[in-house]
Amino acid sequence: MYLPAYFNESRPEVMHALMRARPLATLVTLCEPGLVANHMPVETAAEPAPLGMLRGHIARANPLWQQYRAGAEALAIFQGPHTYISPSFYPAKQKTGEVVPTWNYAVVHAHGTLNFVQDAEWLRALVTRLTDAHEASRPHPWKVTDAPPPYIEKMLSMIVGFEFSIVRLTGKWKISQNHPAANREGVVDGLSAGSADAREIASLLSSYNDERRHEPHE
């Protein structure tokens, strides 16, 4: 991933927060047929330190668990908020006209290796944690135990779990940090009434602006 220094986010806890907030990962692996991409929600664990681990599951019918080249590096991509940036947001447009559109976004790339798990109790614990996490905000959360036990046993037999040991984390927060303060403020204002993603980018940039105000050169 192309990563200019001003877009680099290196704090594991910040990247983990995005990964948990946007848990649908694009998992890219090198298999016998070549590069394969799968999309699945995962659990992000902080341990083992410092980079943590991903856990998830795939359908047993998915050939990934049989075709993956053991020990080969895999890549999990987490797409955070993203939005179009109009040149009209920049005060510089009125002064020089030397502005162009761009796209702002936050993304995390996790590099590591996969280990597949078929233990039924491990799988039950994983799907219970995933279910509880994603049902937590509902007024009447659904629980794994709400379904008939034989049905759950059948469903568990149809999936294969995996652990993804993270060996490298790369975060790219492209939120207009390379622009002067006035343009950054213009972006915050321009995005504040936009979509949920636009407002989230505005919040990230607003926090960045606050940090920069305490530095002597701004």
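Could you tell me whether region 60-73 includes any residue that is touching an Asp or Glu at 6+ places or on another chain (Cβ under 8 Å) and over 22 Å from residue 171 (Cα atoms)?
Yes.
Restricting to region 26-50, count the residues that are free of Cβ contacts under 8 Å to residues at least 24 places away in the same chain and of a type in the set (D, E, K, R).
1
Show me the strands (runs of 3 or more DSSP E) found entirely inside region 1-45 where at least 1 residues are surrounded by 13 or more Cβ atoms within 10 Å (Cβ to Cβ) and in contact with a His (Cβ under 6 Å, 6 or more places away or on another chain).
Hits in region 1-45: 24-31, 43-45.
Which residues, taken from region 46-72, are touching a helix residue (DSSP H, G or I) at 6+ places or on another chain (Cβ under 7 Å) and part of a loop (DSSP other than H, G, I, E, B)?
46, 50, 51, 52
Looking at (1) more than 23 Å from residue 2 (Cβ to Cβ); (2) more than 18 Å from the chain's Cα centre (by Cα); (3) of a type outside the set (A, V, I, L, M, F, W, C); (4) modelled with pLDDT of 95 or more, can you tell me which one residue 66 breaks?
Unmet for residue 66, out of (1) more than 23 Å from residue 2 (Cβ to Cβ); (2) more than 18 Å from the chain's Cα centre (by Cα); (3) of a type outside the set (A, V, I, L, M, F, W, C); (4) modelled with pLDDT of 95 or more: (4).
Would you tally the residues in region 54-72 being buried (at least 18 other Cβ atoms within 10 Å of the Cβ) and either among the hydrophobic types (A, V, I, L, M, F, W, C) or closer than 16 Å to residue 30 by Cα (or both)? I'd like the intermediate steps shown before the answer.
So in region 54-72, the residues buried (at least 18 other Cβ atoms within 10 Å of the Cβ) come out as 54-57, 64-65, 68.
Right, trim to either among the hydrophobic types (A, V, I, L, M, F, W, C) or closer than 16 Å to residue 30 by Cα (or both) and you get 54, 64-65, 68.
Count: 4.
Hey, which of the helices (runs of 4 or more DSSP H) in region 88-180, taking only ones fully inside, have at least 1 residues that are within 23 Å of residue 45 (Cα to Cα) and in contact (Cβ under 8 Å) with a residue 12 or more places away in the chain?
It comes to 120-135, 149-156.
The values are calculated or read from the model by the stated rules, or taken from the named source; none is laboratory data. Small disclaimer: the values here were computed from a predicted structure and weren't measured. Methodologically, a virtual Cβ is constructed for each residue, glycine included, from the backbone with ideal geometry; neighbour enumeration extends over all protein chains shown.
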